[in-house]
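Below: the structure, in structure tokens.
Since every read-out is calculated from the coordinates, none of them should be taken as a lab result. No experiment lies behind these values; they were computed from the predicted model shown. For neighbour counting, all protein chains shown are included, and Cβ atoms are generated from backbone atoms with ideal geometry for every residue, glycine included.
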Amino acid sequence: MGNTLKVVEISKEFPGVKALDGFSFSLRRGEVHALVGENGAGKSTLIHILGGVLRPDGGEIVLEGKKTHLHNAHDAALKGIAVVYQDLSLVPNLSVAENIFANRQPTGRLGFIDRKALNSAAQQLLQQFGEETAPTLQVRHLSLGKAQVVEIVKAISLSPKVLLMDEPTSSLSTGEVQRLFANLRKWKREGISILFVSHNLSEVFEVADRVTVMKDGQYVDTMSASETTEDELVSKMVGRTIQNIFGERLQPLRHRVRLSVEGFSRGSDFRDVTFQICEGEIVGLAGLVGAGRTELGRAIFGVEPPDSGELRVDGKICRVRSPREAIQTGIAYLTEDRKIHGLCLSLAISDNLVSPNLRAFVRGAGMLSDRRILSFAELCRERFRIITPSVRQMVMNLSGGNQQKVLLSMWLGITPKVLIADEPTRGVDVGTKSEIYHHLREMAKQGTAILLISSDLQEILKMSDRILVMREGRIVSEIPGEDATEELVLTCAIGARCPQ
Amino acid sequence: MKAKSLFMSSRSSELGLLLIVAVYFVAMSIYEPLFCQFDMVKAMLLSLSANAIIACGMAILLISGGFDLSVGSVLGLSGMVAALGMVKYGLPFYVASLFGLLAGAAVGTFNGFLIARLRINPFIITLGSMKMVRGLVKVISGGREVSDFPKTFEWLGQGKLFKVQMPIIFCLVIVALGELLLRKSRFLRQNFYIGGNERSAILSGIPVVRIKMFNYILSGLLAALAGLLITARYGNASVTAGVGVELQVVTAVIIGGASLRGGKGSILGAFLGTLLMVMIVGSINLLGVRADWQDFVLGAVLLTAVIVDNLRRRER
């Protein structure tokens with residue numbers, strides 16, 4: 001069981017940030033190896049270097065005993081390294097088959113693409129994985145989960161010796177995750193070395209043989225999965241022990257109803273949704289992917305208003321037909337997709353922070369006051385521990401966890417009465433998660449009514465005072481916090497027997 | 001069966017356009033029988049040949065996410081270069097024509113280098129080269145028309161093969177070949193990947209820079225060919241040959257289903273777009289409507305095509 005891949009003292013520096021600092025580790029043949037660490041630990045950078053996309057500043061890559069230089073992505077693929085990146089890299093207007101065989105389509109005479117061979121080969125690969133999607137379907141019609149599966153199939157079809165995956169389960173449903181793990185075990189037996197980055201420690205323990213912890217671009221430790229615990233991993237990742245990242249649930253000031261939603265309906269997205277949230281309450285909204293939770297959140301925020309229904313904030317009826325009106329009413333919305341809908345990646349942190357409430361930063365005849373903007377930005381940076389050399393830094397240069405913190409603090413600027421938080425800790429490391437939970441609780445203490453939409457059951461269970469379960473567009477159950485268990489929430493979400 | 005319906009949907013914009021073109025033709029012919037006479041049709045095909053040839057190159061560029069505003073100037077340049085070659089330097093027509101084509105390829109290489117290698121915005125680069133090349137045309141011609149070419153050259157533009165004028169033959173051959181290759185050859189299909197998601201194309205190992213270079217050189221060559229045909233047809237090379245052609249061609253290609261964002265389009269669609277535009281111009285003349293309305297109508301057609309496509313996409 002030799003080492004298929006070894007990295008020795010790899011370093012990579014970006015302006016102002018040392019992403020990798022003399023990092024070394026090895027990957028054995030036929031093993032599933034997890035890579036964990038906080039945001040900014042250097043995991044994505046390492047994957048990009050091993051995938052041939054980034055060139056290391058120092059150190060060596062040793063592939064099957066031989067020193068190698070990876071010139072570009074194509075070169076890495078030819079040398080037997082296949083990568084599944086976190087942000088999907090598929091071509092939306094082309095079919096599944098065309099995406100899988102990009103640049104290696106089977107050809108007949110004269111270099112013409114043999115469509116029959118293309119589609120049947122793709123079909124075969126998909127079936128081997130256990131996926132039923134038609135290979136002729138265009139990728140833009142696929143759900144995120146299915147698109148992720150196509151990417152994985154594409155990578156494995158290169159017959160790699162090493163398969164690298166960056167957060168492969170982030171868009172997958174529970175069933176799809178299990179199927180992926182079954183496939184990982186199959187590939188492991190075929191001798192493929194698999195390295196995957198994940199923030200989901202329970203999944204790590206389910207499928208990994210060994211786990212390596214990274215911190216601040218450096219190697220911390222490698223352990224056999226069976227010989228360590230989640231708490232031990234977390235403390236190595238963070239460098240300190242975190243007790244109960246979710247914090248203590250406070251008794252909410254249950255008097256006034258802050259948000260009242262009555263009879264919200266819109267086509268097939270959601271029907272007859274009625275619920276209330278009191279001041280200082282955190283209400284979790286659980287359900288399977290596609291149940292309509294994000295659509296409901298967006299409807300309350302005015303992005304796609306409902307066809308019918310009534311919304312009241314602090315007792316007053318409000319017509320919210322656009323996000324602008326929502327903000328004026330005191331509603332804030334943390335999107336689930338910070339890169340596409342939440343932040344302006346090419347703008348500075350300070351610019352993003354003031355965007356929901358520019359009016360407050362205007363002085364004189366409609367001119368923005370730089371000083372006010374900067375002092376607000378510095379305040380946010382301090383309060384939220386946003387790690388950046390300067391608040392003028394472009395948001396795209398921040399790590400995922402820091403970006404999420406920017407997103408959250410952005411909304412705090414308008415002291416919202418209602419906050420809809422959609423997947424607030426997706427793709428965020430443990431340390432940052434605990435900070436975000438702390439801030440959410442602080443907001444609740446100040447009286448904000450929070451609607452927490454999340455696919456992370458632990459998160460919902462530990463943070464919510466009450467849990468609403470949505471299924472196929474309707475609220476099927478309301479469970480008080482003390483009575484909630486994972487099984488109960490899941491059964492209601494799936495549609496089996498459910499009290500109430 | 002499923003494959004057939006999907007096949008339909010990705011070609012549906014072309015079929016829709018084909019339908020519109022057919023309906024327009026039939027309607028016009030009924031209203032004004034002169035419209036469908038053989039001579040009228042030939043005249044329309046002739047006037048669209050040059051644009052259609054350029055549109056092939058432009059379609060490929062748009063699909064890959066690129067853009068070329070310099071085609072009109074290149075048309076003028078190649079015609080002028082070939083003309084001067086024959087008249088001033090007495091070169092045989094095929095040598096002069098070769099120089100004309102090389103001029104087009106050179107501009108294409110220039111564009112390609114700045115856009116593909118240095119990754120500068122194609123709109124701005126080709127805007128600049130459009131002006132520079134037009135300037136060159138003025139300089140080398142001294143501001144004067146050049147005419148009086150050997151008959152062998154003029155045959156290219158005025159000669160006939162099977163009773164059909166040469167430019168039309170060139171056009172049909174290039175369009176047919178282009179459509180076939182774009183749809184089936186692995187090499188040209190890579191443009192869809194590049195335009196659809198360039199990052200994905202790079203990660204899949206597609207040689208993006210090389211392909212983009214090729215695209216711009218091809219565009220330059222096709223524009224140069226069009227320039228030769230126009231010069232041969234009219235018997236003179238003028239300083240203003242090709243002015244405004246780039247916008248006409250982009251309009252036609254977009255009507256034909258391409259998007260400025262890249263990732264979609266077709267050569268057949270570009271051809272149909274060119275055909276539609278020429279039919280509209282032809283019918284304006286035939287109906288006795290003031291020729292001044294031409295620009296307005298063409299602009300309206302472009303906007304309609306884009307809006308319809310946009311609305312169709314939203315329903316998904």
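See the values below:
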{"read-out": "J(HN,Hα) series, region A:108-121, from Karplus relation 6.51 cos²θ - 1.76 cosθ + 1.60, nearest Hz, glycine and proline x", "value": "x, 6, 6, x, 7, 5, 8, 4, 4, 5, 4, 5, 6, 5"}
{"read-out": "Nonlocal amide H pairs with A:Ala34, under 5 Å, H built at 1.01 Å", "value": "A:Phe196, A:Asp209, A:Arg210, A:Val211, A:Thr212"}
{"read-out": "Size of the protein assembly as shown as Cα extents on the principal axes (Å, biggest first)", "value": "95, 69, 60"}
{"read-out": "Relative contact order (%) - criterion: Cα under 8 Å, at least six apart; region: region B:3-315", "value": "33 percent"}
{"read-out": "Partner lysines for A:Lys188 [C-alpha distance under 20 Å; skip if fewer than 8 residues away on the same chain]", "value": "A:Lys6, A:Lys79, A:Lys154, A:Lys161"}
{"read-out": "Burial ranking of peptide ranges B:246-258, A:121-133, A:311-323 (average Cβ count within 10 Å, highest at the top)", "value": "B:246-258, A:121-133, A:311-323"}
{"read-out": "Under-5 Å amide H pairs with A:Thr4, H placed in peptide plane, nonlocal only", "value": "A:Leu27, A:Arg28, A:Arg29"}
{"read-out": "Residue of B:Ala201, B:Ala83, B:Ala291 that the Gaussian network model of chain B assigns the largest fluctuation, springs spanning Cα pairs under 10 Å", "value": "B:Ala291"}
{"read-out": "Residue-averaged [θ]222 nm for chain A, counting only DSSP H segments that reach four residues, each worth -39500 (n - 2.57)", "value": "-9500 deg cm²/dmol"}
{"read-out": "Region B:3-315: proportion of alpha-carbon pairs further apart than 33 angstrom, %", "value": "24 percent"}
{"read-out": "Peptide-level mean, for A:17-25, of C-beta atoms on other protein chains within 10 Å", "value": "0"}
{"read-out": "Chain B: most fluctuating residue of B:Ser259, B:Ser49, B:Ser185 per GNM, C-alpha cutoff 10 Å", "value": "B:Ser185"}
{"read-out": "Chain A - charge dipole about Cα centre, Lys and Arg +1 at Cβ, Asp and Glu -1, debye rounded to 20", "value": "1020 debye"}
{"read-out": "Chain B, helix-only ellipticity at 222 nm - DSSP H runs n ≥ 4, -39,500 (n - 2.57), divided by all residues, nearest 500", "value": "-25500 deg cm²/dmol"}
{"read-out": "5 angstrom amide H check on B:Lys264, placed H, neighbours 5+ away", "value": "B:Ser259"}
{"read-out": "Overall form of region A:59-214 per C-alpha gyration tensor (a/c, 1.5; a/b vs b/c)", "value": "oblate"}
{"read-out": "Candidate lysines - alpha carbon under 17 Å from A:Lys215, same-chain residues fewer than 8 apart omitted", "value": "A:Lys12, A:Lys18, A:Lys43, A:Lys236, A:Lys433"}
{"read-out": "For chain A: relative contact order, % (alpha-carbon pairs under 8 angstrom, 6 or more apart)", "value": "15 percent"}
{"read-out": "Percent antiparallel among DSSP beta bridges (both partners in the protein assembly as shown, rounded to 5)", "value": "60 percent"}
{"read-out": "Mean Cβ count within 10 Å, highest first, over the residues of peptides A:468-478, B:213-223", "value": "B:213-223, A:468-478"}
{"read-out": "For the protein assembly as shown, with +1 on Lys and Arg beta carbons and -1 on Asp and Glu, the positive-most of B:Ile63, A:Leu144, A:Ala155 along the dipole", "value": "B:Ile63"}
{"read-out": "Total lysine pairs under 20 Å (Cα atoms) in region B:3-315, excluding pairs fewer than 8 apart on one chain", "value": "11"}
{"read-out": "Of B:Ile63, B:Ile120, B:Ile230, the one that fluctuates the most in a GNM where chain B has Cα springs shorter than 10 Å", "value": "B:Ile120"}
{"read-out": "Karplus-derived HN-Hα couplings along region A:199-211 (A = 6.51, B = -1.76, C = 1.60, θ = phi - 60°), whole Hz, x at Gly and Pro", "value": "9, 8, 5, 5, 5, 4, 5, 6, 10, 7, 7, 10, 10"}
{"read-out": "Per-residue HN-Hα couplings for region B:180-189 [Karplus 6.51, -1.76, 1.60; θ = phi - 60°; Hz; x = Gly/Pro]", "value": "4, 5, 5, 7, 10, 7, 4, 4, 6, 5"}
{"read-out": "Centre separation in Å (Cα based) which lies between region B:92-161 and region B:41-61", "value": "17 Å"}
